[in-house]
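The next block holds one structure in the form of structure tokens; read it before the comments.
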Amino acid sequence: MNKTLWKMPVPATGLFRGPDFKKLDQRTCEISFSIEAEAGVEKWLTLRFEGVEAFKCTYLTALRSIDRELRNEAYGKLISVEASPWLSEVKKGHDDYCATARLTPKELQHLMICFDDGPCYELICESFELPEEANVVH
């Protein structure tokens, strides 16, 4: 069963701007978007992903290529996809490389978040950081 790690503090339809995806140095990626905060002030939130091995972005017209139940589960939420064929493929390549290079393989996870009408972002990474005032789901 997939695990919900974070839920957006506003409905996915309520973004002012974004989401914006950035690929940064050292296998780091960010997804940023702005929401309406107290007194109508615009507030930016950023999800940061570290040790990224792979990522993909699916837009509105291709969203049907992702299982509907999975899409619904990740709508407005960051989830960890537990039974992931994509994660298995990437992990095999990662582990094989680490064995050849005599490195200790890192624990990887498949994370996913979908926004209104797309995009739907999926990342295979080592870790992630949530906004300071994150709405963490336990």
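When both residues are 6+ apart or on different chains and their Cβ atoms are under 8 Å apart, which pairs have a first residue that lies in the stretch 88-111 and is touching a residue at least 40 places away in the same chain (Cβ under 8 Å), and a second that is part of a loop (DSSP other than H, G, I, E, B) and among the aliphatic types (A, V, I, L, M)? Close Cβ pairs satisfying both conditions: His94/Leu108; Leu111/Val81.
Can you tell me which residue within the stretch 27-67, out of those that are assigned to a strand (DSSP E or B) and touching a helix residue (DSSP H, G or I) at 6+ places or on another chain (Cβ under 9 Å), is farthest from Ser88 (Cα to Cα)? Explain how you work it out, then say what you get.
Our first condition is that a residue be assigned to a strand (DSSP E or B); within the stretch 27-67, this holds for 28-36, 42-50, 54-58.
Within this subset, residues satisfying the condition of being touching a helix residue (DSSP H, G or I) at 6+ places or on another chain (Cβ under 9 Å) are 35-36, 54, 56, 58.
On the way: Ile35: 35, Glu36: 38, Ala54: 12, Lys56: 16, Thr58: 20 Å.
Of everything passing the filter in the stretch 27-67, Glu36 is farthest from Ser88 (Cα to Cα).
Of Thr13, Thr46, which residue is in contact (Cβ under 8 Å) with a residue 60 or more places away in the chain and farther than 27 Å from Glu82 by Cβ?
None of the others qualify; the one that does is Thr13.
All conditions but one from (1) surrounded by fewer than 15 Cβ atoms within 10 Å (Cβ to Cβ); (2) assigned to a strand (DSSP E or B); (3) not basic (Lys, Arg) apply to Pro19; the one that does not is (1). Of the residues examined, Val90 is one that is in a helix (DSSP H, G or I) and either of a type in the set (D, E, K, R) or in contact with a strand residue (DSSP E or B) (Cβ under 9 Å, 6 or more places away or on another chain) (or both).
Values in this text are rule-based calculations from the coordinates and carry no lab data. Everything numeric in this text was worked out from a predicted model, so none of it was measured. Cβ atoms come from the backbone with ideal geometry, glycine included; neighbour counts cover every protein chain shown.
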